[in-house]
1. Check off (1) under 60 Å from the mean Cα position of the chain (by Cα); (2) closer than 23 Å to Ile156 by Cβ for Asn322 and give me the number that stays unchecked.
2. Please go through (1) modelled with pLDDT of 80 or more; (2) in a loop (DSSP other than H, G, I, E, B); (3) over 18 Å from Val249 (Cα atoms) for Asn186 and return the number of the only condition it doesn't satisfy.
3. Tell me the strands (runs of 3 or more DSSP E) entirely within segment 451-519 that contain at least 2 residues that are open to solvent by less than 30 Å² (accessible area, probe 1.4 Å) and hydrophobic (A, V, I, L, M, F, W, C).
4. Among the residues of segment 102-142, which ones are under 18 Å from Tyr285 (Cα atoms), open to solvent by 70 Å² or more (accessible area, probe 1.4 Å), out of contact with any helix residue (DSSP H, G or I) (no Cβ under 9 Å at 6 or more places or on another chain) and touching a residue at least 24 places away in the same chain (Cβ under 8 Å)?
5. So which residues in segment 638-660 are within 15 Å of Met679 (Cα to Cα), over 59 Å from the mean Cα position of the chain (by Cα) and surrounded by fewer than 16 Cβ atoms within 10 Å (Cβ to Cβ), if there are any at all?
6. Any chance you could count how many residues in segment 679-698 are open to solvent by less than 80 Å² (accessible area, probe 1.4 Å), closer than 15 Å to Ser638 by Cβ and of a type outside the set (A, V, I, L, M, F, W, C)?
7. Quick check on Ser720: is it open to solvent by 10 Å² or more (accessible area, probe 1.4 Å), modelled with pLDDT of 85 or more, of a type in the set (S, T, N, Q) and over 60 Å from the mean Cα position of the chain (by Cα)?
8. Among the strands (runs of 3 or more DSSP E) confined wholly to segment 351-430, which include 3 or more residues that are in contact with a His (Cβ under 8 Å, 6 or more places away or on another chain)?
Amino acid sequence: MIKILIHFILLSLGTSLLYGLTPAQIQQAKAAVAANPSLLNSPQAQQLLKQQSKISSDNINIAKKEIKVENNIDFKEPTVSKKNQITQHINRLDSNQSHDFRLNPLEYKSNKELLQEIKSDQARITRKNLQRFSTQFFRNKNQLNPNRIVVPSDYIINKGDIITFWVYGATNRQEELTVDQRGNINIPQVGPVHVAGEKFHEVKELLTNYLASSYKNSQVVVDLNSFSTAQVTVTGYVNAPGIYNTTSVSSVKDILIQAGGVSDIGSVRKIEVLRNGKLIDTIDYYHLLTLGRDHGDTVLQAGDIIHVPRAYGLISIDGEVNTPAIYEIEPGESLTHILKIAGGLKAAASGKHIYIKRYNHHTNVEYKTLTLSQARHFITKDGDEVYIGKLNQTDERYIEVLGNVLHEGKKHIGSHKIKLSTFLRQQLKGGKLDSFFLENTQFDYALVKRIDKNLEPKIFHINLYNILNGTEDFFLHNKDKLFIFNKLDTQINPYVTIKQALSKEEALAELKAQNKELNANQPISTDKKENTNKNVLLKEGRFQFTQGMTLQDLINMAGVQTAFDTKKVKIIAYKNNPDIQKVKIIDYDQNPDYKLKPFDTVILFNYFDTTPTPTATISGEVVKPGDYPVTQAMTLNSFIQSAGGLTQKAYPKTCEIIRYYIKNGERQKKIINLDLSQMNNFTIQPFDKIHIKRIPYWGEKRQVTLKGEVKFPGTYVIHSGEKLSSVIERAGGFTDDAFLYGAIFTRKEIAKLQKKSLARSLSKLKEQVILASLRASGSKTMGQISVTEGIQAVQSLIDEAEKLTPIGRIAINLSCDLKSFKNSTSDLTLKDGDTLTIPSHNDTVVVSGEVMNPMALTYMDDNVRTYINRTGGLTEIADSDHIYVLHANGEAQKASLGSYLFSSNNVDVKRGDVIIIPKKIMFERGIDIAGDIADIIYKITLTVAAMNTVGVL
């Protein structure tokens with residue numbers, strides 16, 4: 001099996017070592033590994049892998065020597081060493097590792113994975129849906145609120161403006177004055193004042209002086225309360241050209257926002273304002289959008305025209321630029337200037353990869369690649385598409401460090417090549433190894449992975465010890481990957497195992513899991529003793545091995561919570577031959593400092609399993625019967641005292657002791673009847689069984705119960721062999737109303753027998769019902785009652801019977817003359833729990849079942865027919881062949897039909913009797929259950945009648 005497992009492991013390593021193995025053996029090995037992955041971690045597995053592996057250590061190249069990997073996706077991993085490769089795969093299959101944290105620079109990747117990795121470095125041009133620069137600005141729907149505007153001091157007063165002044169002090173007054181069509185405002189007590197066409201600050205000063213002279217000892221405040229409206233016209237390339245009514249303080253940008261902004265080809269850099277047919281201003285809104293400067297905007301007046309011409313040119317800028325968009329250009333404008341308007345380049349933008357797509361005079365398309373310095377002199381043209389590329393791997397200079405270091409990642413180098421010794425000195429702070437390397441670094445082996453000038457992968461093996469000591473060196477190239485390994489990446493972390501010896505059952509289960517050839521039905525003795533201290537160790541399992549580790553160290557680390565057999569500590573070690581396990585038994589008391597080796601397994605035996613405490617068993621009249629330890633020369637008296645001593649019921653004369661001994665290789669026994677007066681002189685031996693007898697008739701309490709028509713009903717204690725007549729006499733005899741013919745005598749033992757009998761009958765009937773159900777599909781009817789209805793009727797009968805509990809009635813015949821009764825067979829010998837119920841006189845007869853009107857009738861004569869006729873006669877489904885008369889004394893008779901009703905079998909009906917007419921249940925031939933049904937009905941009838949009489953129902 002182990003060789004099959006090794007072949008399976010080597011198969012996972014990609015080697016062709018399956019010679020001589022069948023597919024079944026391979027599957028068997030896989031199943032064994034799945035059931036017990038620890039098989040792959042054993043030193044045996046490692047050693048066999050060493051022997052089987054065909055990998056030569058001569059193929060390992062030392063530092064500076066290249067190993068060129070074929071340009072094939074399906075390449076083989078380079079060999080580090082036989083041990084490293086084997087242990088690497090063993091660790092990978094170790095089920096105790098939920099994640100694989102090992103460094104694997106040569107992990108196999110599929111074609112798809114490799115292509116994805118390689119093509120991830122491609123510099124791709126990804127274009128976005130660009131909008132005009134300024135589009136978002138004109139989408140702002142916020143409108144000018146003239147009430148919240150601070151009036152400019154140079155604002156020109158227009159007709160329709162409303163000027164407000166306040167006077168307070170000696171005189172309090174407020175007035176709102178509207179500039180009329182003549183340009184005047186009419187000031188009370190002053191008269192008209194011409195203000196139209198004047199600047200606001202001049203009008204304010206003029207009015208303040210007028211009012212101050214008119215209102216002495218008062219303060220004056222003048223303000224513009226409301227602006228006049230102005231009508232302007234918007235033309236050209238705007239989204240909504242037309243006439244707009246606005247306030248006289250509105251600017252061009254306010255009107256353009258109302259007009260929805262410029263169109264896709266309209267200019268935002270050369271907007272014209274015309275007044276009275278003359279161009280009064282040209283506005284470039286890029287100053288506002290990029291610099292926040294608004295000083296060039298014009299305040300509009302009524303009749304002004306805003307004209308938006310077509311943009312001179314539009315270019316798109318995308319890629320690694322801060323504000324990708326479509327930009328308007330002016331004649332002779334350089335690309336650098338437009339890039340500045342676009343917010344400049346992003347940090348990751350490449351200054352060597354500015355891609356231009358240009359359309360030349362509707363004849364051809366031209367592609368150019370510029371540098372950032374060339375962009376200064378590159379004059380843009382309408383339609384240019386500019387894409388700013390991103391820095392790529394050709395723009396990087398680094399060495400990537402991976403593995404067992406404090407900080408993995410890319411480390412910058414100043415040139416395209418650097419010595420490894422120089423690189424390490426740069427990383428080691430103060431020359432300390434722990435400033436760069438992590439614990440347990442494998443300095444004798446590192447790996448450099450490189451893509452050479454022919455773009456093919458290569459690997460190099462490095463000895464870091466030699467590099468750090470200066471005995472050799474190695475040149476690292478730009479973008480090399482330096483892999484630093486932890487020793488645990490390439491070999492198994494040494495451990496030792498400690499556990500408790502398995503029980504026989506546990507050992508068998510483990511063997512079956514590990515070896516499929518073990519006979520699963522092989523008998524194994526399972527003499528299992530109860531052990532209250534089962535767990536010897538606080539913690540079982542693997543522990544880290546360290547040099548100098550002793551047996552005592554391991555046991556102390558695992559923790560002991562109950563005694564173990566110090567004379568027998570089992571150690572399993574592995575010698576060089578993996579097929580041989582070396583087993584040692586160590587006396588821990590003599591050799592606690594036994595030196596452990598890697599992968600040793602220590603097994604402790606429970607002391608109570610290997611050294612069971614001798615015990616003997618005591619039963620009978622002691623306080624605590626059971627098994628108790630037997631000490632040397634222990635007397636019977638001491639052993640009885642360990643069980644709590646004798647009880648008051650103990651027979652004081654003798655006890656019985658069964659003693660076992662071995663004779664001729666066989667276990668035999670002898671019985672000793674010991675006089676208890678010799679307790680102090682009799683020595684107990686292990687495995688003795690002592691039985692302390694009870695004093696005869698101690699505490700036996702037998703009782704019977706008399707109910708109903710006796711003079712003194714109740715529970716009576718009886719002695720052994722006492723008769724029923726005796727207890728009746730003690731109860732004072734019968735009353736004058738006693739109905740002795742209907743007396744019911746019950747016994748617990750009989751009730752149990754009746755219950756079993758009823759259960760057997762029901763079980764048999766259920767089988768017949770199932771058979772009838774299976775045949776019902778072939779014959780749906782039989783006579784007037786269908787098979788299905790018959791099955792339901794029988795099932796109903798079964799359900800009714802299962803609800804009843806027999807009371808164990810015994811039919812007896814009592815007599816008022818107790819002297820004559822004493823000599824009859826009904827004078828039973830009483831048992832504990834017997835019950836006698838004497839009902840009162842009963843002059844009725846009950847007719848039940850399939851008659852037209854079931855009822856209780858007064859007694860008339862002894863003819864069954866009389867009572868059936870009185871209830872209206874039988875129904876159509878009455879079973880006239882199974883009519884029962886249950887007599888009040890517990891006996892039952894069957895009354896069947898002849899040529900005349902009941903002429904073939906006369907039954908005398910008496911007072912208190914019950915006549916039962918069951919339902920006829922018919923099935924097709926081959927299903928004979930009539931007798932079973934009759935038997936069930938008979939038992940139900942007996943039980944119900946008896947329970948009725950004693951008052952249970």
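The values are calculated or read from the model by the stated rules, or taken from the named source; none is laboratory data. Here the structure is a predicted model, which means the values were calculated and not measured. In this analysis, Cβ positions are derived from the backbone assuming ideal geometry, glycine residues included, and neighbour counts consider all displayed protein chains. With ligands, DNA and RNA removed, areas are computed over all heavy atoms of the protein, side chains included. Shrake-Rupley method; radii C 1.70, N 1.55, O 1.52, S 1.80 Å.
1. (2)
2. Only one criterion is unmet by Asn186, namely (2).
3. On the way: elements: 457-462, 475-477, 481-486, 495-500.
Output list reads 457-462, 481-486, 495-500.
4. Correct list: Gln131 only.
5. Hits for segment 638-660 are Pro652, Lys653, Thr654, Glu656.
6. Looking only at that region, the number is 3.
7. Working: open to solvent by 10 Å² or more (accessible area, probe 1.4 Å): yes; modelled with pLDDT of 85 or more: no; of a type in the set (S, T, N, Q): yes; over 60 Å from the mean Cα position of the chain (by Cα): yes.
So Ser720 fails the test.
8. On the way: elements: 364-370, 385-390, 398-403, 409-412, 417-419.
In segment 351-430, the matching strands (runs of 3 or more DSSP E) lie at 385-390.
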